[in-house]
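The values are calculated or read from the model by the stated rules, or taken from the named source; none is laboratory data. Quick caveat: nothing in here was measured; it's all calculated off a predicted structure. FYI the Cβ positions are ideal-geometry reconstructions off the backbone, even for glycines, and counts take in every protein chain you see.
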There are 2 protein chains.
Amino acid sequence: MRLATVTSPGGTTAAIRRDGAWRALPAPDLSAFLRSHPVAGAAGLAGAELVDAVPVLPLPTPGKVVCCGLNYGDHIEETGREQPAYPTLFAKYADTLLGPDAAIELPAGVDADWEAELAVVVGATLRGATVEQARAGIGGYTVANDVSIRDWQRRTLQWFQGKAWDATTPLGPVVVTPDELDPEAGVDVICRVNGVERQRGNTKTLVFDSAALLSYVSTFTVLRPGDVVLTGTPGGVGMGMTPPTYLADGDVVETEIPGIGTLTNTVHLTR
Amino acid sequence: MRLATVTSPGGTTAAIRRDGAWRALPAPDLSAFLRSHPVAGAAGLAGAELVDAVPVLPLPTPGKVVCCGLNYGDHIEETGREQPAYPTLFAKYADTLLGPDAAIELPAGVDADWEAELAVVVGATLRGATVEQARAGIGGYTVANDVSIRDWQRRTLQWFQGKAWDATTPLGPVVVTPDELDPEAGVDVICRVNGVERQRGNTKTLVFDSAALLSYVSTFTVLRPGDVVLTGTPGGVGMGMTPPTYLADGDVVETEIPGIGTLTNTVHLTR
């Protein structure tokens, strides 16, 4: 199944893709749908076909957005660190998220960098979950770009202030359920800037896969349906280039996972 | 004014202290009240006197709980670091918070440490706020203990996984508005473990005061009424002792700010 939040002339609604068209689900958006319905029941709830429907930010109100850093071997290498024994975790907010085609607005002068990522959408309440329980609790997968403000990220020991800028993490365009996508078998995670491929990793090289991350996080904080976990970025970020290269006004960032879709976000630097 | 969320035989409600008694405010808790009413109007909304009312977690559903580390000179010294140019920030969740008299439940074997802190409660929507705007947007102050799981905090570069354990950060017992408390002039922040004073700092020695923190955070993410910012802990934490000393089963942690009140939390280590 492919799930989304879509806008159409009739308004915004949670939706499911059926036979080449979007059909309404009984909730104002996918966050609200996942909080009130099991993912597995979505197909049976498909309503009217929506004309001219366009996917927007699929999950506008997750309670938690947990991110994993340093989770691909090649990216760990480009940051000069060792293979980790534990996942490196930090938090973003629902406010940090951005639609799949929206502009990334930032003040001029910041060092904004790209980080293409697979995002896991939680489908069940997970508290102290084993890896198997966590795997069964995966609601689906989507695409994210953990756009990072490197100069703020490096101001202190904690990355949070470089990672939680409002409306800078594009997410979407759709959520694909695990029966249609298997990141453990391997899916590519790709980032292009102005059409030039800068990142291409594969999720089969993740140090901590989706189920391992959900299980680990659920040890200390409960995860609920609609929460999002970003699994980390492969090598090829701008700060790893020689010289380090950051996003400029007008740059177009495309973030793609074949089998899910592509985010296309233009950078607007303002002042 | 002193505001709280209280339970009484009639249920749970937002409340205001008037003439030695708690009176109901028109919201199910103080988070809900602050989202729908300006703090300044609370006195005019005081309803019926509540009999046998007991303060519980004042803010059960803040959208954001932002924490500042390394903000008192003596605590910075005990961690062996230099005075910071920027505040070190990390996030907790609403789920991380705990009532003022509730037990801190943790698995046996973790290195749980105390961190008494002044917490600022946001009273207005702050986005790109100057320090003056941020000061005017302070809704009040309360007491927190940023109980930290040191072994998890040190597992990776990012502290988050040692700081965001569900139901481990006691908060309360009441929120005192700025007309009654001036942390810039200085209030003591005290922690006792089993009656022995372990921390006593004064907020006039904060590197970044409440208004500076709210202004800084609002540069990158919007703060809304009821959000909470923890201002950091003074020296005297358990990991700074020789040898390092952590909380044991049955320990009683008292966290006090004169003029606000005292949190009293017993540690329960389970398996």
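Annotation note: of A:ALA248, A:ALA185, A:ALA211, the sole residue that is touching a residue at least 12 places away in the same chain (Cβ under 8 Å) and under 24 Å from A:ALA94 (Cβ atoms) is A:ALA211.
Within the stretch A:83-116, being closer than 22 Å to A:VAL193 by Cα, within 10 Å of chain B (Cβ to nearest Cβ) and within 13 Å of the chain's Cα centre (by Cα) holds for one residue alone: A:THR96.
Restricting the stretch B:42-72 to residues that are within 12 Å of chain A (Cβ to nearest Cβ) and under 18 Å from B:ALA116 (Cβ atoms), the residue that is modelled with the lowest pLDDT is B:LEU70.
Close contacts from the stretch A:23-36, counting a first residue that is among the acidic types (Asp, Glu) and a second that is part of a loop (DSSP other than H, G, I, E, B), with Cβ to Cβ under 6 Å and a gap of 6+ residues or different chains, come to A:ASP29/A:PRO60. The condition of being assigned by TED's automatic domain parsing to the domain that holds A:TYR216 and more than 21 Å from the chain's Cα centre (by Cα) holds for A:GLY80. One residue alone among A:THR221, A:THR242, A:THR205 is among the polar types (S, T, N, Q) and either crowded, with 22+ Cβ neighbours inside 10 Å or not assigned by TED's automatic domain parsing to the domain that holds A:LEU181 (or both), and that residue is A:THR221.
Counted as qualifying within the stretch A:1-71 are the strands (runs of 3 or more DSSP E) with 1 or more residues that are surrounded by 18 or more Cβ atoms within 10 Å (Cβ to Cβ) and among the small types (Gly, Ala, Ser), namely A:2-8, A:11-18, A:21-24, A:65-69.
Looking at the stretch B:198-216 only, could you name the residues that are among the aliphatic types (A, V, I, L, M) and under 21 Å from B:THR177 (Cα atoms)? Even if it seems obvious, please write down each step before you answer.
Residues of the stretch B:198-216 among the aliphatic types (A, V, I, L, M): B:206-207, B:211-214.
Residues satisfying the conditions are B:LEU206, B:ALA211, B:ALA212, B:LEU213, B:LEU214.
Find the helices (runs of 4 or more DSSP H) located wholly in the stretch A:107-182 whose residues include 3 or more that are farther than 16 Å from A:GLY232 by Cα, in the same structural domain as A:ASP209 (by TED's automatic domain parsing) and in contact (Cβ under 8 Å) with a residue 60 or more places away in the chain, and list them.
Details: elements: A:131-136, A:150-153, A:160-163.
Qualifying helices (runs of 4 or more DSSP H): A:131-136.
Consider the stretch A:150-185 and keep the residues that are of a type in the set (A, V, I, L, M, F, W, C) and within 11 Å of chain B (Cβ to nearest Cβ). The one that is surrounded by the fewest Cβ atoms within 10 Å (Cβ to Cβ) is A:LEU157. Just one of the listed residues (B:ARG198, B:ARG192) is of a type in the set (Lys, Arg) and either in contact with a helix residue (DSSP H, G or I) (Cβ under 7 Å, 6 or more places away or on another chain) or closer than 18 Å to B:PRO100 by Cα (or both), namely B:ARG192. Output yes when any residue across the stretch A:78-85 is among the basic types (Lys, Arg), part of a loop (DSSP other than H, G, I, E, B), on the phi < 0 side of the Ramachandran plot and free of Cβ contacts under 8 Å to residues at least 12 places away in the same chain, and no when none is. Yes, there is a match, as at least one residue in the stretch A:78-85 is among the basic types (Lys, Arg), part of a loop (DSSP other than H, G, I, E, B), on the phi < 0 side of the Ramachandran plot and free of Cβ contacts under 8 Å to residues at least 12 places away in the same chain.
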